[in-house]
Amino acid sequence: MISTNLANLVVMGLVFVAVVLVVLALAPALIGRVGIKDRLAAQGGGAAIDAPGSIRADQGNSMWARLLAEIESRGLNLTDEASNKMAEKLALAGFDQPYAQRAYTLARAAGTLGLPALVLTFMSLTGAWPNVTKLYMILLGSLMLGLYLPAIIVSSRADTRAKEILNGFPDTLDLLLVCLEAGLGIDAAFSRVGSEIVGSHPLLAKLFGQVSLELRAGRSREDALRLLARKSGVSEITAFTTLIIQSDKLGASVAQALRIYAAELREQRRMRAEEKAHRIPVLLSIPLVCFMLPTMIAVLMLPAGINMKNQMASVDK
């Protein structure tokens, strides 16, 4: 029986290795295309793109960028058809580097192939080989975990980033209102506020700094604000940008509109705090019922049990 199971495991391992080798061998032929940047680099146009000292050159010289470029030079293309949507999801999670989407694809591929390999290696070292059905389920579970774990991490980081932006936005809006009432224009106010909140709210400072750079580069205010809303991923900031755009188009007072909106945001923050406070008794009831209630019952019932035992012993005598 042991020899049969061992033979089945060896056959399954060989099949798995063969499938991986076939996929890696046929990937360049199935993809059948070369990136535009690689063509430009081959024709001598790459030096103009990555000039020394530029932002793109600094991003291209990072460890991840060099690793991904080395992998793609071997013929494996890490760009898929849904790269734009994936790039937006990664940007909402804080991964806004140009190579973030390719690194995400590489992480999913490495997890899908690496976790089953690690499971097989661990089983071979420990000698704890289950039957064929259990082994198949374990390998399938590790494969699914390696495939979906990067997506779970990205979603978690996106939620954390959105909460951090939302918590700091009312204070930032108050500071922006102060700048506007002091006489600064909306463009100068974004630049001033972005420089002032670097220490307290770095994510918002980065977003406001990007808006200031977009405006200095010549982009229209409406496009820059819509880009801010898309990069933040927070509905409150989307409403804020819409408010400024509409006020600018209609010629209304931006400061007055922001004062009303800031009051609404503070009220929403107060309501969220009250909601969390009202949830505390419900959440505390779970540990109280599971831990405190059995202990209290035991303490109350123990004297009665001892008295009952003493009375029964006296009756028997």
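Some points to look at:
- When residues of segment 100-153 are limited to those that are polar (S, T, N, Q) and within 30 Å of M86 (Cα to Cα), the one farthest from the chain's Cα centre (by Cα): S142
- When A158, A205, A182 are screened for being closer than 30 Å to L106 by Cα, out of contact with any Ser or Thr (no Cβ under 7 Å at 6 or more places or on another chain) and among the hydrophobic types (A, V, I, L, M, F, W, C), only A158 passes.
- Screening A239, A273, A252, A224 for residues that are aliphatic (A, V, I, L, M) and either over 27 Å from the mean Cα position of the chain (by Cα) or over 21 Å from A162 (Cα atoms) (or both) leaves exactly one candidate, A252.
- Qualifying positions in segment 176-202 - surrounded by fewer than 17 Cβ atoms within 10 Å (Cβ to Cβ) and among the aliphatic types (A, V, I, L, M): V178, A182, L184, A188, V198
Residue by residue, here is whether (1) of a type in the set (S, T, Y); (2) touching a helix residue (DSSP H, G or I) at 6+ places or on another chain (Cβ under 6 Å); (3) more than 29 Å from A189 (Cα to Cα) holds:
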{"residue": "L90", "(1), (2), (3)": "no, yes, no"}
{"residue": "T105", "(1), (2), (3)": "yes, no, yes"}
{"residue": "S124", "(1), (2), (3)": "yes, no, yes"}
{"residue": "L135", "(1), (2), (3)": "no, no, yes"}
{"residue": "D159", "(1), (2), (3)": "no, no, no"}
{"residue": "K163", "(1), (2), (3)": "no, no, no"}
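- Test for T105: is it without any contact (Cβ under 8 Å) to a residue 40 or more places away in the chain, surrounded by fewer than 18 Cβ atoms within 10 Å (Cβ to Cβ) and either touching a Phe, Trp or Tyr at 6+ places or on another chain (Cβ under 6 Å) or more than 30 Å from E222 (Cβ to Cβ) (or both): no
- Taken as a whole, the condition of being without any contact (Cβ under 8 Å) to a residue 60 or more places away in the chain, touching a Phe, Trp or Tyr at 6+ places or on another chain (Cβ under 7 Å) and buried (at least 17 other Cβ atoms within 10 Å of the Cβ) does not apply to L225.
- Of the helices (runs of 4 or more DSSP H) entirely within segment 32-151, those holding at least 1 residues that are at pLDDT 60 or above occupy 63-73, 83-92, 100-126.
- Inside segment 124-164, residues that are of a type in the set (V, I, T) and touching a Lys or Arg at 6+ places or on another chain (Cβ under 8 Å) make up a count of 1.
- Selected residue (criterion: surrounded by the most Cβ atoms within 10 Å (Cβ to Cβ)) from residues of segment 116-153 that are among the aliphatic types (A, V, I, L, M) and more than 27 Å from A103 (Cα to Cα): L135
- Here A277 does not qualify as free of Cβ contacts under 8 Å to residues at least 24 places away in the same chain, surrounded by 10 or more Cβ atoms within 10 Å (Cβ to Cβ), of a type outside the set (D, E, K, R) and under 30 Å from L176 (Cα atoms).
- Taking each residue of segment 201-216 that is more than 10 Å from G168 (Cβ to Cβ) and looking for partners that are of a type in the set (S, T, Y) and assigned to a helix (DSSP H, G or I) with beta-carbon atoms closer than 7 Å, six or more apart or interchain, yields L207/S232; S212/S191.
Condition check ((1) modelled with pLDDT of 85 or more; (2) out of contact with any Leu (no Cβ under 7 Å at 6 or more places or on another chain)) across all residues:
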site	(1), (2)
N167	no, yes
P170	no, no
L176	yes, no
G185	no, yes
A188	yes, yes
V193	yes, no
F208	yes, yes
E214	yes, no
E222	yes, yes
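The values are calculated or read from the model by the stated rules, or taken from the named source; none is laboratory data. Note that this is a predicted model, so its numbers are computed, not measured. Positions of Cβ are backbone-derived with ideal geometry, glycine not excepted, and every protein chain shown enters the neighbour counts.
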